[in-house]
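Nothing in this text is a laboratory measurement; each read-out follows from the coordinates by a stated rule. Being a predicted model, the structure only gives us computed values, none of them experimental. Cβ coordinates were reconstructed from backbone atoms using ideal geometry, including for glycine residues, and neighbour counts include every protein chain displayed.
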Amino acid sequence: MNEMYELSNRFLKACERRGILVATAESCTGGMIISWLTDIPGSSSMVDRGFVTYSNEAKMEMLGVSAQTLEAHGAVSRETAAEMADGALEHSRAGITLAVTGIAGPDGGSAEKPVGLVWFGLAMTGRPTVTEKCTFQNLGRDYIRRETARHALEMGLRELD
């Protein structure tokens, strides 16, 4: 078993202990988090759904992210990550949602928002939405996407424990 499998398994076990389902809202990871979770046998009893919302239109249509938020703050922002997490909670049967939006590169970065910048959102029923920002070292697209998925699951574990 590899490290990502074990992390995903621990996260799902924590969901199971709480009796809640998980949903993801993924942009820069393109479904990697939900893929890792559904690699676990028996995950269907803890996983509700995954939203892959790569475009701004998908974020608005599938998750209810507001056009005003995207215009004012951009797709890669605290505000968008929070609205993605909240939208996934509202549009699913999940009790916890993990949302990620960032710049995986190799292009698309700027001085304000460099390649490696990722915003995370986590929503849980009955609790305030939590956001976190990470700027991962630009060691390539795959590295940034994997570290993003890892961080999202670790963030989820911290909130569940």
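At-a-glance table
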read-out	value
Radius 14 Å from Cβ of Ala67, net charge of other residues (Lys, Arg +1; Asp, Glu -1)	-4
Fraction of beta bridges assigned by DSSP in the chain that are antiparallel (%, nearest 5)	55
14 Å Cα-Cα reach of Lys59 towards aspartates and glutamates, excluding residues that sit fewer than 8 places from it in its own chain	Glu26, Glu71, Glu79, Glu83, Asp86, Glu90
Crossing angle, helix 78-90 versus the chain [Cα axis fit, 0-90 degrees, rounded to tens]	40
Length gained when the stretch Glu61-Leu139 is fully extended (0.36 nm per residue, less Cα-Cα span)	24.8 nm
Estimated dipole of the chain in Debye, rounded to 20 [Cβ of Lys and Arg +1, of Asp and Glu -1, Cα centre]	340
Value of relative contact order over segment 3-160, rounded to a whole percent, pairs C-alpha under 8 Å and six or more apart	24
Principal-axis tilt of helix 141-160 within the chain, Cα atoms, nearest 10 degrees	50
Cα gyration tensor shape of segment 1-155, rounded if a/c is under 1.5, else prolate or oblate by comparing a/b with b/c	oblate
Cα-based reach from Lys13 at 12 Å (exclusive), listing aspartates and glutamates while leaving out same-chain residues under 8 positions away	Asp161
Helix axis angle, 3-18 relative to the chain longest principal axis, alpha carbon, degrees	60
Rounded if a/c under 1.5, otherwise prolate or oblate - segment 1-88, Cα gyration tensor axes	prolate
